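Shown next, in structure tokens, is the structure this report addresses.
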Amino acid sequence: MKEKTRKNVYDAFIGEAKAYFRLLAYAEKAAEEEVPQIELLFRAIAESERVHATRHMNLMKDLIVKDTDTNLEKSFQREKSISETEYPDMIKDAEDEGEKVAALTFSQARDVEGFHAKLYERAIYKVIKEEVSAYQVCQVCGYVTDRAAPDKCPVCGAPKEMFKAVEKME
């Protein structure tokens, strides 16, 4: 794919992915305000934006997705960089501006990204258990474990009920 088109496809992917999540938030707000027809409209268009993002991602797949070992290594490096470099800067900025809630979410995300890096590292070094059939994901902060959901999330303190299982696809 030529340079301008590649950049445009990437930008379109980012825009569509953002629109998907933004529209889901709009749908949630419409539901809170008990406007079901508008909630439905936002959810339908969000699904359309997800389709667009997926199509754009598929155009870039050959450029982005490599063999599994390479994908693991890249994912590990990204998580390390984000947790060790990017989030600390974001936390500092939020703290400097007195934005405590943003600082907290950035701090929790930084901690979770560190756990992600450890999971990737274990996979890279083949320490990952073959018998893992599900991961548990905290729906508050995103913490991931390959064990049973803990009684309390080690990052944000959410109770066990706030964990969602991500299981092997059949």
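Computed from the coordinates by the stated procedures, all read-outs in this text should not be read as laboratory data. This structure is a prediction, so every number in the text was calculated from the model and none was measured. A quick note on method: Cβ atoms are made from the backbone with ideal geometry, for glycine too, and the neighbour counts reach across all protein chains shown.
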Looking only at aspartates and glutamates whose Cα falls under 18 Å of K100's and that sit 8 or more positions away or on another chain, we get E86, D89, D111
Under the 7 Å Cα-to-Cβ spin-label approximation, V132 and K160 lie apart by a distance in nanometres of 2.1
In whole angstrom, the spacing between the Cα centers of the stretch 52-86 and the stretch 99-170 equals 19
In the list [x] 27, 25, 20; [y] 23, 17, 16; [z] 47, 28, 13, the entry giving semi-axes √(5λ) of the Cα gyration tensor in Å computed from the coordinates is [x]
Expected vector for the stretch 152-160, Karplus 3J(HN,Hα) from phi with 6.51, -1.76, 1.60 and θ = phi - 60°, integer Hz, x for Gly and Pro, equals 9, 4, x, 9, 10, x, 4, x, 3
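Determine, from the Cβ-Cβ distance of D62 and M169 and an R0 of 25 Å, the FRET efficiency 1/(1 + (r/R0)^6), rounded to the nearest 0.05. Walk me through the intermediate numbers first.
Numbers: r = 23 Å, r/R0 = 0.90.
E(calc), rounded to 0.05, equals 0.65.
Between L41 and D89, take the C-beta separation as r, use R0 = 41 Å, and let me know the FRET efficiency to the nearest 0.05. Let's see the in-between values first.
Values: r = 38 Å, r/R0 = 0.93.
It comes out at approximately 0.60.
Below 8 Å, C-alpha to C-alpha, sequence gap of six or more: please give me the relative contact order for the chain in percent.
Numbers: 180 pairs, mean separation 25.5, N = 170.
Here the relative contact order equals 15 percent.
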Here the gain from full extension of K74 to Y125, 0.36 nm per residue of separation minus their alpha-carbon distance, amounts to 17.0 nm
Shape call for the stretch 96-170, from the Cα gyration tensor axes a ≥ b ≥ c (a/c under 1.5 means rounded, otherwise prolate when a/b beats b/c, else oblate), comes out oblate
Note on the stretch 9-88: contact order normalised by length, alpha-carbon pairs under 8 Å, 6 or more apart, percent, works out to 35
